[in-house]
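Below is one structure, written out as structure tokens, with a few remarks after it.
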Amino acid sequence: MAIIAPSLLSADFLHLGKDCEMLNKSKADWYHLDIMDGSFVPNISFGPMIVEFISKATKKYCDVHLMIDHPEKYTEAFKKAGANNLTVHFEACNHLHRNIQQIKSLDMQAGVAINPHTPVDLLKDILKDIDLVCLMSVNPGFGGQTFIPHTINKIKQLKEMINEQLLDVKIEIDGGVTLENAKLIIEAGADVLVAGNTVFKSENPMTTIALLKSL
């Protein structure tokens, strides 16, 4: 059964407490928190202060996705804010192994995200050091985009790599996840589904989460 991680990037920030309360009551497993800096991606979202408010509003796992340059500068701040997992981008890290070591030293789980154009085999030498791979199934920066179909092949290839090394590494899919394609994504080997607009723009978010969880 897949882990469902609604992305609060699509929440109503004027009523963020209400949306957190809804997620707490729902079958969602994780909170997915997208951090954007306007440099690595062409958008700005929020920083450690908002993560801290959100983490205090829930006992659920806080999955923090750093779509930023120089993530090492902010790792400690996100730990203090309540992050359980910190995911950095392969494309943003000149010294990826050092970034992972830093995250682990602060007693957080560590993830690596890759953009749609990045081949999964580039992760071969870092897989044994991480807990999660986030495959971007849209170009990062904005919610509401359409799922890139080639991601299915990348999921299958990555699953083979993980199984070959006998590792316990979760595959997370971020972008364009819908009720229509979620089953196909899970069958390909995904463990975690990030869903933003699909959840928060639906008529009944709690029902939508429950439907995703039931797949």
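The values are calculated or read from the model by the stated rules, or taken from the named source; none is laboratory data. Small disclaimer: the values here were computed from a predicted structure and weren't measured. Counting neighbours? That spans all protein chains shown, and the Cβs are built from the backbone with ideal geometry, glycine included.
For the stretch 115-136, the criterion of a residue being among the charged types (D, E, K, R), outside any strand (DSSP E or B), buried (at least 21 other Cβ atoms within 10 Å of the Cβ) and touching a strand residue (DSSP E or B) at 6+ places or on another chain (Cβ under 6 Å) is satisfied by no position.
Counted as qualifying within the stretch 34-112 are the helices (runs of 4 or more DSSP H) with 1 or more residues that are closer than 20 Å to residue 11 by Cα and of a type in the set (Val, Ile, Thr), namely 48-56.
The residues of the stretch 85-100 that are surrounded by 14 or more Cβ atoms within 10 Å (Cβ to Cβ), polar (S, T, N, Q) and without any contact (Cβ under 8 Å) to a residue 40 or more places away in the chain amount to a single one, 99. Within the stretch 154-165, if we keep just the residues that are assigned to a helix (DSSP H, G or I) and in contact (Cβ under 8 Å) with a residue 24 or more places away in the chain, the residue that is nearest to the chain's Cα centre (by Cα) turns out to be 155.
The set of residues in the stretch 134-156 being touching a helix residue (DSSP H, G or I) at 6+ places or on another chain (Cβ under 6 Å) and modelled with pLDDT of 95 or more consists of 135, 137, 152, 154, 155, 156.
Among the residues of the stretch 70-80, at least one is in contact with a Cys (Cβ under 9 Å, 6 or more places away or on another chain), without any contact (Cβ under 8 Å) to a residue 60 or more places away in the chain and of a type in the set (D, E, K, R).
Within the stretch 166-198, can you find the residues that are assigned to a helix (DSSP H, G or I), out of contact with any Leu (no Cβ under 8 Å at 6 or more places or on another chain) and surrounded by 15 or more Cβ atoms within 10 Å (Cβ to Cβ)? Scanning the stretch 166-198 gives 188, 197.
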